[in-house]
Amino acid sequence: MPPPATCARTTNGAIGIAQVGRLAGMLADRKQVAGYYREALEPVATELGLGLPCEDTGGDERGWFVWVVQVPPGADRDETIRALRAHGVQSKPYLPAIHLMSFYRERYGHRPGEFPVCEDVAARSVALPFFPAMTESQVERVTVALESVLRGAG
């Protein structure tokens with residue numbers, strides 16, 4: 001019998017091979033969910049200043065794994081997340097400004113204010129629910145909650 005570490009690698013390899021066979025379908029499903037979000041949130045972006053991910057251009061296509069928006073300037077990201085939770089919508093802050101993480105601060109001496117655009121985007125970024133089987137009605141539910149929160153009604 002192989003040692004446990006070998007079994008784990010074999011199992012992981014088998015799972016990986018099975019997943020590769022489903023990759024095209026998973027990517028297509030994720031792209032469809034991203035399309036649902038774009039269609040639902042573009043009016044909110046236009047009217048309320050919500051930042052959406054840039055669209056793919058030049059024949060490039062991303063492999064969607066997360067849908068991240070930036071709350072409008074002046075909106076409190078953390079309060080937005082709390083208010084979404086009160087609506088039953090789980091979300092979370094997305095990616096801090098990397099240069100302000102302790103390793104980079106300690107090793108390279110980075111400080112707040114060095115990269116103000118990065119810091120602003122990081123402070124306003126929210127990851128919304130996103131998974132391949134997400135339905136258009138689920139995206140609409142997130143959209144309604146987010147719009148309500150951003151309007152101050154939520």
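A few notes on this one:
- The loop-placed trypsin sites (Lys or Arg not before Pro) in region 119-154, going by DSSP, that have at most 12 neighbouring Cβ atoms within 10 Å of their Cβ come out as ARG151.
- Per residue value of the accessible surface for the chain (all protein chains in place, 1.4 Å probe), Å²: 62 Å²
- Calculated on the alpha-carbon coordinates, the convex hull of region 50-96 measures out at 102 cubic angstrom per residue.
- Estimated distance in nm for a label pair at ARG9 and ARG85, the labels positioned 7 Å out from Cα along Cα-to-Cβ: 4.1 nm
- When region 9-80 is reduced to its Cα atoms, the Kirkwood hydrodynamic radius in Å: 14.7 Å
- For region 60-108, trypsin sites (Lys or Arg not before Pro) meeting the loop criterion (DSSP other than H, G, I, E, B) and having at most 13 other Cβ atoms within 10 Å: ARG62.
- For the chain, calculated [θ]222 nm from helices alone, where every DSSP H run of n ≥ 4 adds -39500 (n - 2.57): -19000 deg cm²/dmol
- Estimated translational D of region 36-75 in µm²/s (Stokes, Kirkwood radius over Cα pairs; 10 °C; 1.306 mPa s): 141 µm²/s
- Apportionment of accessible area to carbon and sulfur, the chain, percent (1.4 Å): 58 percent
- Measuring nothing but alpha carbons in region 75-150 and taking Rh as the Kirkwood radius, the Rg to Rh ratio lands at 1.11.
- Calculated FRET value between GLU47 and ILE98, using beta carbons and R₀ = 41 Å, to 0.05: 0.85
- For the chain, the longest piece that avoids every one of the GluC sites (Glu not before Pro) found in DSSP loops with at most 15 other C-beta atoms within 10 Å covers 1-54.
- In order along region 94-102, the phi-based Karplus estimate (6.51 cos²θ - 1.76 cosθ + 1.60, θ = phi - 60°) of 3J(HN,Hα) comes to 10, 6, x, 5, 4, 5, 9, 6, 3 Hz; Gly and Pro are listed as x.
- Which labelled figure in (1) 63; (2) 59; (3) 51 is percent of Cα pairs over 23 Å apart, once derived from the coordinates: (3)
The values are calculated or read from the model by the stated rules, or taken from the named source; none is laboratory data. Model, not experiment: these values are computed from the prediction. All Cβ positions, glycine included, derive from the backbone under ideal geometry; neighbour counts span all protein chains shown. These accessible areas exclude ligands, DNA and RNA; they are computed on the full protein's heavy atoms, side chains included. Shrake-Rupley method; radii C 1.70, N 1.55, O 1.52, S 1.80 Å.
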